[in-house]
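Beneath this line is the structure, given in structure tokens, with notes to follow.
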Amino acid sequence: MEQQQQKQPLATESIANAFFAQFDTMTSSGAKTSEMYSGFAGEYEHDLLNMSHGYTHPQKIARVADTHLKDKNARILDVCAGTGLGGVALKELGFTNIDAIDGSRGMLDLAAKKQIYKNLFEELIGSDSVKSVEQASYDAIVTSGSFLPGHLGPMHLKPLALTLKSGGLFCMAMREEYLRTDYLLDLEPTMDRMEAEGIWQKVQKGIMEHYYNDLPGVFYVYRRV
């Protein structure tokens, strides 16, 4: 039994790594990504939470948001909310007014069971606008694990930013290595262009140790102008 318990993290890591590796060569997001997540929804939390270094970036980006967002009733949009791990982290910090948006019905069904979110929106976010929510309606976006090949990319930054009220915060974390993929190579230049255009202002950028198991991550905080 002890040997089986020792092997479990490696087994779950292999499954999780294989799942995310499927997206490495994808050049667009869409229905295929959503279908893959819906098929993996039942095992998602078990496989990720049992990795040897854990799956802690939802808690880490929630803590980053907490340092900048003092109103616990602030209206927060958990983007690519998945099964709701980010919502759990925000709730544990005292936030009470959280909505979720995700393209996978299967993941949202599991998130709903946590009874954290006021509203849950099923939407594949496009490059023009976020259709499920009104513009300038949120005090903060908090998201991690959402910017990677086959998921959100540079083209989704502006539509997301436009859902924020003036002064609203965009808090995002991702694997650092994804910045060097073709899919996300233009991410930071797009962030810089949006700042030059007067859409938002950079507040913070930092490194997250053990973002995904032992891999480092990077996080960003921008404030809507």
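The values are calculated or read from the model by the stated rules, or taken from the named source; none is laboratory data. Keep in mind that this is a model prediction, so the values were computed, not measured. All Cβ positions, even for glycine, are placed from backbone atoms using ideal geometry, and neighbour counts span all protein chains on display.
General observations
- Looking at Ala112, Ala89, Ala74, Ala65, just one residue is over 24 Å from Phe219 (Cα atoms) and of a type in the set (Gly, Ala, Ser), and that residue is Ala112.
- Looking across the range 96-111, the residues that are under 17 Å from the mean Cα position of the chain (by Cα) and not acidic (Asp, Glu) come down to Ile98, Ala100, Ile101, Gly103, Ser104, Arg105, Gly106, Met107, Leu108, Leu110, Ala111.
- Number of positions in the range 179-225 that are at positive phi and in contact with a Cys (Cβ under 9 Å, 6 or more places away or on another chain): 0
- Count of the range 115-141 residues which are assigned to a strand (DSSP E or B) and without any contact (Cβ under 8 Å) to a residue 40 or more places away in the chain: 4
- The condition (being surrounded by fewer than 23 Cβ atoms within 10 Å (Cβ to Cβ), of a type outside the set (Gly, Ala, Ser) and assigned to a strand (DSSP E or B)) is satisfied by just one residue among Lys202, Lys158: Lys202.
- If the condition is being at pLDDT 95 or above, of a type outside the set (Val, Ile, Thr) and in a loop (DSSP other than H, G, I, E, B), then the range 96-114 contributes Asn97, Lys114.
- Single residue of Glu123, Glu134, Glu92 found to be charged (D, E, K, R) and touching a Lys or Arg at 6+ places or on another chain (Cβ under 7 Å): Glu123
- Filter result (crowded, with 24+ Cβ neighbours inside 10 Å, aromatic (Phe, Trp, Tyr) and more than 21 Å from Asp186 (Cα to Cα)) within the range 96-149: Tyr138
- Flag set for Arg105, criterion: in contact with a strand residue (DSSP E or B) (Cβ under 6 Å, 6 or more places away or on another chain) and of a type in the set (D, E, K, R).
- Verdict on Gly150 being part of a loop (DSSP other than H, G, I, E, B) and in contact (Cβ under 8 Å) with a residue 60 or more places away in the chain: yes
- Residues of the range 180-199 that turn out to be within 19 Å of the chain's Cα centre (by Cα) and either in a helix (DSSP H, G or I) or modelled with pLDDT under 95 (or both), as a count: 7
- Glu177 meets the conditions (1) under 26 Å from Val225 (Cα atoms); (2) in a helix (DSSP H, G or I) in every case but one. The failed one is (1).
- Filtered by the rule that a residue be more than 13 Å from Asn119 (Cα to Cα) and within 8 Å of the chain's Cα centre (by Cα), the range 68-83 gives a lone residue, Cys80.
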